[in-house]
Amino acid sequence: QSFKLLGFLDVQSVPCARESVLYGSVGSLVVGLGHFLATSRVRRSCDFAVGGFICTMLGYWFYCRYNLAQQRIRQRMIKEGIRNKLLFEGSSLDPERKQTSNERSDS
């Protein structure tokens, strides 16, 4: 069973959604409580808490999605490198084999 935020955002299956909501709630608590302790204005502190939730959640969402995209790019590059290594290993196109044959001819 999945938990849907606002009826459409499936928090369990969407990458970074769960962490964004958790960090957003902590940010909301910190900003709202901090503003309340500084000013003792309840309604304004609730407004700041909502703003803190939105800013923290969106900030962490973009940060997490950016890191996830970078990780996927690195995984794709490593996968391609492993595929090329397996494909060219031992053949005349193997870069390591060319280096060793060049070193032998220089000696």
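Some notes on this structure:
- Among the trypsin sites (Lys or Arg not before Pro) found in segment 12-95, those both in a DSSP coil and sparsely packed, with 16 or fewer other Cβ atoms within 10 Å of their Cβ, are R41.
- Taking the charge dipole of segment 15-87 about its Cα centre, with +1 at Lys and Arg Cβ atoms and -1 at Asp and Glu Cβ atoms, the residue from V30, L58, S40 reaching farthest to the positive side is L58.
- Summing charges over neighbours of I73, with a neighbour being any other residue whose Cβ is under 14 Å away from its Cβ, gives +4 when K and R count +1 and D and E count -1.
- Percent carbon-and-sulfur accessible area, segment 15-87, ignoring ligands, DNA and RNA, probe 1.4 Å: 67 percent
- Separation in nanometres of the label points that stand 7 Å from Cα toward Cβ, at Q75 and L22: 1.9 nm
- Calculated FRET value between L86 and Y66, using beta carbons and R₀ = 35 Å, to 0.05: 0.65
- Spin-label proximity, V30 to segment 43-58 - amide N less than 15 Å from point 7 Å beyond Cα toward beta carbon: 49-58
The values are calculated or read from the model by the stated rules, or taken from the named source; none is laboratory data. Treat the numbers as computed from the prediction; the structure is a model and nothing was measured. Cβ coordinates were reconstructed from backbone atoms using ideal geometry, including for glycine residues, and neighbour counts include every protein chain displayed. Areas reflect the complete protein model, heavy atoms only, side chains present, ligands, DNA and RNA absent. Shrake-Rupley method; radii C 1.70, N 1.55, O 1.52, S 1.80 Å.
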